[in-house]
Amino acid sequence: MLQQKKILVGITGSIAAYKSISLVRLLIKAGAEVRVVMTPAAREFASPLTLATLSKHPVLAGLAEGDNWTNHVELGRWADIMIMAPLSCNTMAKMAHGLCDNLLLAVYLSATCPVLVAPAMDEDMWHHPSTRHNLDRLRSYGHEVIPVGTGELASGLFGEGRMAEPEEIVAYLQHYFNRNKELSGRKALVTAGPTYEPIDPVRFIGNHSSGKMGIAIAEELLRRGAEVTLVLGPVNQSVPAGINTIRVQTAQQMFEACDSHFNETDIAVMAAAVADYTPVTPAKEKIKKGADEQLDLHLRRTTDILKSLGERKRKGQVLVGFALETKDARNYALGKLTSKNADLIVMNTLADEGAGFGTDTNKVTFFTAGGEEITFALKQKTEVAGDITDQITKLLYA
Ligand code: CTP
């Protein structure tokens, strides 16, 4: 998929620059043409000789090489895509503000191609308000940010800020070139999986949701160009690179994650099977068997996430909910459409074989706020995700 794609790799001064060597090697292996431009500081972290050998082209760093001025405009026009990996805090700030004190920044400012960035920094720098502002600025220029990973950082601390792995960046690029861009520039929020409500430190109330349907929707939205945040309950499914995944356990945590992302979201799809009730006070210690034959658990209602988002939905935001029913499916689904102020309810019923939890297939009916009712045949969940995304796109651009 990267065959003959012209990829300009910008490397900045960060410990993660050592990963750029693997990145260049993987891109070449995938058939891409690669040119590398480094900041002067980056040369301390990764050898230009190694990068030149792998990319089969000289690695550029200075605004002039010997007596020759380097034509930064030509490089920026040559590329199909420019990727800054790793993007340090310093270069991010310079990009956000249009500074131009080295060749890489000159190439960046002259580039006519799309730009992707893979930031790398320590967690505190990553969360600093100025970094947040700079990232928002880069996004407002249309650049895409490849989510950072969580793990051990150069400081020895553990946290958010690791550059995405080279394999993830290559997968992201493949997605990038593959996808149909109708949702480009749109932000989507998806919930998936079950929630676990703690009874005591070893037990919980949960359900059989596998998360497959929600993950398939998140992947489809990404493929069509949306920037996707997935709030994922406790499941063992892997999530494709390029999706910003927030892993949660409880309904309350899922609510908090959605609550904080909803304002900036264009599309919200609530595909999670959220517990409606949670133990009032989870026991601090493991509950021991008593003499009584019965044990009463006191439960309280959780926040209905879909409903709470429906109450504050703005014009232009598309809100999608699911209804998994065992009887009277149509009536309940229509009830949820109005009571939760959703734009679309995707109904499935456990009465249909191959539909519901755990399977790779699903059979759904759509109910839209505009009064449409569309029933589909049994399909792979990935295809259902395509139908749902088609409907979302219609609603978004209606
Ligand atoms: N939902 C939610 N938050 C909850 C419960 C449900 O966001 N606390 C969302 C689900 O993700 C789904 C929709 O609401 O999109 C419907 O969920 P469902 O469990 O079918 O319906 P409920 O509203 O919980 O009603 P009931 O359980 O009585 O059918």
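The values are calculated or read from the model by the stated rules, or taken from the named source; none is laboratory data. This structure is a prediction, so every number in the text was calculated from the model and none was measured. Methodologically, a virtual Cβ is constructed for each residue, glycine included, from the backbone with ideal geometry; neighbour enumeration extends over all protein chains shown.
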Q. Looking at region 104-115, is at least one residue in contact with a Gly (Cβ under 6 Å, 6 or more places away or on another chain), touching a residue at least 24 places away in the same chain (Cβ under 8 Å), assigned to a helix (DSSP H, G or I) and not β-branched (V, I, T)?
A. yes
Q | Cβ-Cβ under 7 Å pairs, at least 6 apart or on other chains, region 235-246 side in the same structural domain as R162 (by TED's automatic domain parsing) and closer than 13 Å to V148 by Cβ, far side modelled with pLDDT under 90 and in a strand (DSSP E or B) | A | none
Q. Restricting attention to region 2-15, and to residues there that are closer than 15 Å to P40 by Cα and not polar (S, T, N, Q), which single residue is surrounded by the fewest Cβ atoms within 10 Å (Cβ to Cβ)?
A. I15
Q.
Quick check on region 46-61. Is at least one of its residues in contact with a strand residue (DSSP E or B) (Cβ under 8 Å, 6 or more places away or on another chain), hydroxyl-bearing (S, T, Y), touching a residue at least 60 places away in the same chain (Cβ under 8 Å) and closer than 20 Å to V117 by Cα?
A. no
Q.
Is it the case, given these coordinates, that A333 is more than 24 Å from the chain's Cα centre (by Cα), of a type in the set (A, V, I, L, M) and more than 21 Å from T191 (Cα to Cα)?
A. no
Q.
Contact list please: Cβ distance under 6 Å, first residue in region 28-45 and in the same structural domain as V115 (by TED's automatic domain parsing), second residue hydroxyl-bearing (S, T, Y) and surrounded by fewer than 22 Cβ atoms within 10 Å (Cβ to Cβ), pairs at least six apart or on different chains.
A. V34/S55; V36/S55
Q) Does S184 satisfy the criteria of being at pLDDT below 95 and within 16 Å of the ligand (Cβ to nearest atom)? A) no
**Q.** Residue in region 223-253 that is surrounded by the most Cβ atoms within 10 Å (Cβ to Cβ), counting only those that are part of a loop (DSSP other than H, G, I, E, B) and at pLDDT 95 or above
**A.** G233
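Does region 364-383 hold any residues that are within 16 Å of the ligand (Cβ to nearest atom) and not hydroxyl-bearing (S, T, Y), and which are they? Full working, then the answer.
Of the residues in region 364-383, the ones within 16 Å of the ligand (Cβ to nearest atom) are 364-369, 381.
Once the filter is applied, which keeps residues that are within 16 Å of the ligand (Cβ to nearest atom) and not hydroxyl-bearing (S, T, Y), region 364-383 yields V364, F366, F367, A369, K381.
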Q.
Which of the numbered conditions does E220 fail, given that it passes all the others? Conditions: (1) buried (at least 23 other Cβ atoms within 10 Å of the Cβ); (2) within 16 Å of the ligand (Cβ to nearest atom); (3) in a helix (DSSP H, G or I).
A. (2)
**Q.** Single match in T359, T368 (criterion: under 18 Å from G193 (Cβ atoms) and either β-branched (V, I, T) or under 23 Å from the mean Cα position of the chain (by Cα) (or both))
**A.** T359
Q: Take region 254-276 and flag every residue that is more than 10 Å from the ligand (Cβ to nearest atom) and in contact with a helix residue (DSSP H, G or I) (Cβ under 6 Å, 6 or more places away or on another chain).
A: F262, I267
Q | region 332-361, subset within 10 Å of the ligand (Cβ to nearest atom) and under 16 Å from E383 (Cβ atoms), residue surrounded by the fewest Cβ atoms within 10 Å (Cβ to Cβ) | A | N348
Q. crowded, with 16+ Cβ neighbours inside 10 Å and under 12 Å from the mean Cα position of the chain (by Cα) - does that describe any residue in region 192-205?
A. no
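Does region 299-315 include one or more residues that are farther than 30 Å from E227 by Cβ and of a type in the set (V, I, T)? Reasoning before the result, please.
Kept after step one, since they are farther than 30 Å from E227 by Cβ, are these residues of region 299-315: 299-301.
Still in the running and of a type in the set (V, I, T): none.
Scanning region 299-315, I find no residue that is farther than 30 Å from E227 by Cβ and of a type in the set (V, I, T), so the answer is no.
Could you please find all residues in region 305-331 being at positive phi and more than 11 Å from the ligand (Cβ to nearest atom)? If you could, list the steps in order and put the result at the bottom.
Kept after step one, since they are at positive phi, are these residues of region 305-331: 316, 328.
Correct list: G316 only.
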Q) Is there a residue being assigned by TED's automatic domain parsing to the domain that holds R224 and closer than 23 Å to V235 by Cβ anywhere in region 328-336? A) no
(Q) I'm trying to understand the selection: among the residues of region 191-219, which are more than 14 Å from A271 (Cα to Cα) and either of a type outside the set (A, V, I, L, M, F, W, C) or in contact with a Gly (Cβ under 9 Å, 6 or more places away or on another chain) (or both)? (A) Y196, E197, P198, D200, P201, R203, G206
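Please count how many residues of region 121-147 are in contact with a Cys (Cβ under 9 Å, 6 or more places away or on another chain) and aliphatic (A, V, I, L, M). Even if it seems obvious, please write down each step before you answer.
Filtering region 121-147 down to residues in contact with a Cys (Cβ under 9 Å, 6 or more places away or on another chain) leaves 121-122, 125-126, 128, 130-131, 134.
Imposing the further condition that a residue be aliphatic (A, V, I, L, M) reduces the set to 121, 125.
Qualifying residue count, region 121-147: 2.
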Q) Just wondering, is there one or more residues in region 307-323 that are within 29 Å of the chain's Cα centre (by Cα), surrounded by fewer than 16 Cβ atoms within 10 Å (Cβ to Cβ), touching a residue at least 12 places away in the same chain (Cβ under 8 Å) and not in a helix (DSSP H, G or I)? A) yes
Q: Go through region 324-370 residue by residue and tally those that are at pLDDT 95 or above, touching an Asp or Glu at 6+ places or on another chain (Cβ under 8 Å) and in a strand (DSSP E or B).
A: 5
